[in-house]
Amino acid sequence: MQKYYESDAKLGDLGNCRIAVIGYGSQGRGQALNLRDSGLDVIIGLRPGKSWEKASEDGFEVFDVATAVDMANVVMILVPDELQGDVYRAQIMPNIKEGDCVMFSHGFNIHYGQIVPPPTVDVIMVAPKGPGHMVRRVFTEGGGVPALIAIHQDATGKARQIALAYAKGIGATRAVVLETTFQEETETDLFGEQAVLCGGMTALIQAGFETLVDGGYAPEMAYLEVLHECKLIIDLIHEGGFTKMRDSISNTAEYGDLTRGPRVIGPEAYEAMEEILTEIQNGEFAREWLLENQINRPVFTALKRQGEELMIESVGREVRGLMPQFRNLSK
Ligand code: NDP
Ligand code: MG
Ligand code: MG
């Protein structure tokens, strides 16, 4: 993979540009504040509401989406993926001009054909590999969250320089910037969140919790063991891979890990992961999620409520309430 660092990117490549950040949520706020601190010209495009107030409080000039797009020549689309198609068609497309640059932080809408920009504009991805509040926090501490860049269309011949300049503006080149494609980013991102990071992880924790509680153990014990301790173990894996984690745990834990882990994530889990990847690759997941949104999300709403009602959630609130380290965190 092609890698880029601080010296590969020049902020000057965006020097004559005005950047419209569309949306001021997790990524919109983090990216816009960093770009402004990097000395770039940033305006915000929104609909009236909470985010509009927040962006104004933060000192930005805020406009409706169509006006912001019209005033800018670089447009970073950071509204939720499932709304981007509608927002693009109604407010962005009519105001895009030849030679402009349309940017994304996730490839979903380009890869699955929900947004088809004209051939006369650059189409670029700059995707931070971390949530928006971390993009901001790490930047203010002098660092950066790594990012992926990808070029879908290079109408101006300057798409890569613009992508790198933007990545530098949000602080990503302080860490590392990797070049990928819209297809690779979209498919790996969806797979990661479904199979491992969000879906796989919560299902694993929930299964362990239920097994212990069904076995007659105290829910508080089960919570501490299978959820609270997760972070401690993940921090070690994050710092030094499986090896560092295994060096830090007891020999008993390590023997149990090596011999029992593959029984929990066995052949059935591998098969499920392959199916999940296939549904991402052949567009079935994208179709399901887009149609779900068109009918006002009945499945999403029901499953979300069921998730909130799980015992592990109420026990977790109680247990965290006993620990001072959680007092100042929201929820
Ligand atoms: P959020 O849900 O946090 O924020 C969405 C923003 O869009 C809000 O400011 C919202 O404002 C605004 N918005 C919603 N609908 C409209 C509309 N019709 N017109 C104008 N503005 C609107 O989104 P994220 O930051 O999570 O995601 C943005 C993009 O970043 C996505 O492509 C996502 O895949 C990508 N991404 C997200 C990451 C993350 O950490 N969250 C990580 C990497 C990439 P309002 O207050 O009015 O609702
Ligand atoms: Mg994602
Ligand atoms: Mg233990």
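The values are calculated or read from the model by the stated rules, or taken from the named source; none is laboratory data. Remember, it's a predicted structure, so these values are computed and weren't measured experimentally. When we count neighbours, we look across all protein chains shown, and the Cβ atoms used for this are built from the backbone with ideal geometry, even at glycine.
Descriptive notes on the structure:
- In segment 187-216, the residues that are at pLDDT 95 or above reach residues that are in a helix (DSSP H, G or I) and near ligand 2 (Cβ under 10 Å from one of its atoms) with C-beta atoms within less than 8 angstrom, at least six apart or across chains, in these pairs: 190/108; 199/193; 200/194.
Listed here are the residues, each with its yes/no results for (1) of a type in the set (Phe, Trp, Tyr); (2) within 15 Å of ligand 1 (Cβ to nearest atom); (3) on the phi > 0 side of the Ramachandran plot; (4) not in a loop (DSSP other than H, G, I, E, B).
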{"position": "35", "(1), (2), (3), (4)": "no, yes, no, yes"}
{"position": "45", "(1), (2), (3), (4)": "no, yes, no, yes"}
{"position": "54", "(1), (2), (3), (4)": "no, yes, no, yes"}
{"position": "66", "(1), (2), (3), (4)": "no, yes, no, yes"}
{"position": "82", "(1), (2), (3), (4)": "no, yes, no, yes"}
{"position": "91", "(1), (2), (3), (4)": "no, yes, no, yes"}
{"position": "99", "(1), (2), (3), (4)": "no, no, yes, no"}
{"position": "120", "(1), (2), (3), (4)": "no, no, no, no"}
{"position": "126", "(1), (2), (3), (4)": "no, yes, no, yes"}
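- Residues located in segment 171-190, provided they are in a helix (DSSP H, G or I) and within 16 Å of ligand 2 (Cβ to nearest atom): 182, 183, 184, 185, 186, 187, 188, 189, 190
- Segment 223-246, subset acidic (Asp, Glu) and surrounded by 11 or more Cβ atoms within 10 Å (Cβ to Cβ), residue farthest from ligand 3 (Cβ to nearest atom): 235
- Candidate set from segment 204-220 (those that are exposed (fewer than 13 other Cβ atoms within 10 Å of the Cβ) and part of a helix (DSSP H, G or I)); member that is nearest to ligand 3 (Cβ to nearest atom): 211
- From 197, 212, 190, residue being out of contact with any strand residue (DSSP E or B) (no Cβ under 7 Å at 6 or more places or on another chain), among the hydrophobic types (A, V, I, L, M, F, W, C), farther than 22 Å from residue 245 by Cα and within 14 Å of ligand 1 (Cβ to nearest atom): 190
Results for (1) of a type outside the set (D, E, K, R); (2) more than 22 Å from the chain's Cα centre (by Cα), shown as yes or no for each residue.
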site	(1), (2)
226	yes, yes
231	no, no
235	no, no
250	yes, yes
266	yes, yes
289	yes, no
